[in-house]
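Visitor: Okay, here's the structure, questions in a sec.
The values are calculated or read from the model by the stated rules, or taken from the named source; none is laboratory data. Here the structure is a predicted model, which means the values were calculated and not measured. Cβ placement follows ideal geometry from the backbone for every residue including glycine, while neighbour counts extend to all protein chains displayed.
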Amino acid sequence: MSRNFLFLQGPLSFFFYELGRALKALGCGVERVQLCGGDVAFWPDRHAHLWRAASWQWPQWIGRLLEESRITDLVLIGDWRPLHREAVLIAKSRGISVWVYEEGYMRPGYVTLEAGGVNANSSLPKDALSVRERAKALLDTPLPLPSQAPNPMRGRVLDTVWHHLGNFFLWPCFFRYRTHRPYCIGHELLGWIPRYLLSTQRRRESIGVLREVMKRNDPFYFMPLQLDSDSQIRRHSPFTGVLDFLSVVISNFAANAPKNSFLLIKNHPLDNGLINYRRYIRSMGVACGCASRLRFVEGVKNASPIDLCQAVVLCNSTLGLTALARGRAVYCLGASIYAMPGLAVNASEMPLAEFWCNPRPPDAALLADFQRVLRKDALVPGNFYSKAGIAETIRASLVRMGVVDG
């Protein structure tokens, strides 16, 4: 049976366009839906389907396209975006395979590609016994090694600029389009510009804070923040955003953590600066009586604080896997693929109030099994942004999708 692929929105790069070309070269049918000018910028094909109607018309329209084009496979990034979510549900109801990309669960060197869904919607094993059984079945199976392809930040920035230029110049054609992000690009620039201008100063100050914390004999806990726009925070956790997450953890730390301990909070490197976390953390700390035990840093690497901290407390960031791999105890407050007994602790196993004084390190053997399952069932080597990385990801994707033999 011939395979017909329909592409929705992808990464801010030419990755989906190049993957589509590779599928066409192998005799597959390829269709594309353009939702905004940025989509057009990364898929220069005049035969693509343009979506410009009201959102309430989307289910019927996409359902008709799936049927008329005899789509067998739906490809997208982010299964939680509003139009994507409806398309995924409709596709599954029709027996259509769904392939979802995301940034890699393990980084660098991998991207995520799963059938059906990612993150909280992943089909990966959810408990230790299932992980061990799946890993045992893979003992004789070769696993993909991480890509060594370059992935420079400069290329990602240029691709992002290209996307927004497409949105700007083609806005009259897509005036109904609303981004899945909580802020428009104009609003985000109001935060990014001062952050960029003060980045050297902020990093210098943060290095001083980090050195001060590490020189003390007092224990500290490491709390990395995620982006406020991250779907992991907004859709796969009990929090409305990062401020909500901060308030819960800081108040719990004040009431239950050892009184000689510190909480080291690190901002996400791609934060847009629209929320003043430093000011909020100070305010929350004063209100809870623990302001002198809170520290906030930006622009520093994660390795040193992870290696020296008592434990890591986070929502559901992929950094949790990095911390587990370095032998740290991790508490996960949101839904995550690695939150299970033996790996990261969550509320079903132990309340956060108890974890501060009784952190449980990961089971090394279970973690090795989980990493094996991840690399085989959820990850492909490469990246979305460099020429070499895209080529590597395409080769691995074609195998994962069953278009070519491995």
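Visitor: Just need a number here: residues in the stretch 103-117 that are buried (at least 22 other Cβ atoms within 10 Å of the Cβ) and either in contact with a Lys or Arg (Cβ under 6 Å, 6 or more places away or on another chain) or acidic (D, E) (or both).
Guide: Qualifying residue count, the stretch 103-117: 2.
Visitor: Now a separate question. Cβ-Cβ under 7 Å, sequence separation 6+ or interchain: first residue in the stretch 153-165 and over 10 Å from S13 (Cα atoms), partner among the polar types (S, T, N, Q). Which pairs?
Guide: Note: no pairs meet the criteria.
Visitor: Which residue, of L243, L227, L274, is closer than 30 Å to E354 by Cβ, in a loop (DSSP other than H, G, I, E, B), assigned by TED's automatic domain parsing to the domain that holds F355 and of a type outside the set (D, E, K, R)?
Guide: From the options L243, L227, L274, the qualifying one is L227.
Visitor: Follow-up question, since we're still on this one. State all residues of the stretch 213-242 that are touching a strand residue (DSSP E or B) at 6+ places or on another chain (Cβ under 8 Å) and farther than 30 Å from P82 by Cα; if no residue qualifies, say none.
Guide: If the condition is that a residue be touching a strand residue (DSSP E or B) at 6+ places or on another chain (Cβ under 8 Å) and farther than 30 Å from P82 by Cα, then V213, R216, D218, P219, F220, Y221, F222 are the ones that fit.
Visitor: So, one more: Out of G104, G109, G116, which single residue is in the same structural domain as W51 (by TED's automatic domain parsing) and free of Cβ contacts under 8 Å to residues at least 60 places away in the same chain?
Guide: G116
Visitor: Surrounded by 15 or more Cβ atoms within 10 Å (Cβ to Cβ) and in a strand (DSSP E or B): which single residue out of I250, I233, I265 fits that description?
Guide: Exactly one residue qualifies, and that residue is I265.
Visitor: Looking at (1) without any contact (Cβ under 8 Å) to a residue 40 or more places away in the chain; (2) surrounded by 13 or more Cβ atoms within 10 Å (Cβ to Cβ); (3) among the aliphatic types (A, V, I, L, M); (4) over 27 Å from Y17 (Cβ atoms), can you tell me which one I185 breaks?
Guide: Looking at each condition in turn, I185 falls short on (4).
Visitor: Continuing with this model, one more query. Is it true that some residue in the stretch 134-156 is over 21 Å from R85 (Cβ atoms), hydroxyl-bearing (S, T, Y) and in a helix (DSSP H, G or I)?
Guide: Within the stretch 134-156 (the criterion being over 21 Å from R85 (Cβ atoms), hydroxyl-bearing (S, T, Y) and in a helix (DSSP H, G or I)), the answer is no, since none of the residues qualifies.
Visitor: Now for a different question. List, please: which pairs have Cβ atoms under 6 Å, are six or more places apart or on different chains, and start with a residue in the stretch 79-97 that is free of Cβ contacts under 8 Å to residues at least 40 places away in the same chain and end with one that is surrounded by fewer than 20 Cβ atoms within 10 Å (Cβ to Cβ)?
Guide: E86/P59; I90/G63
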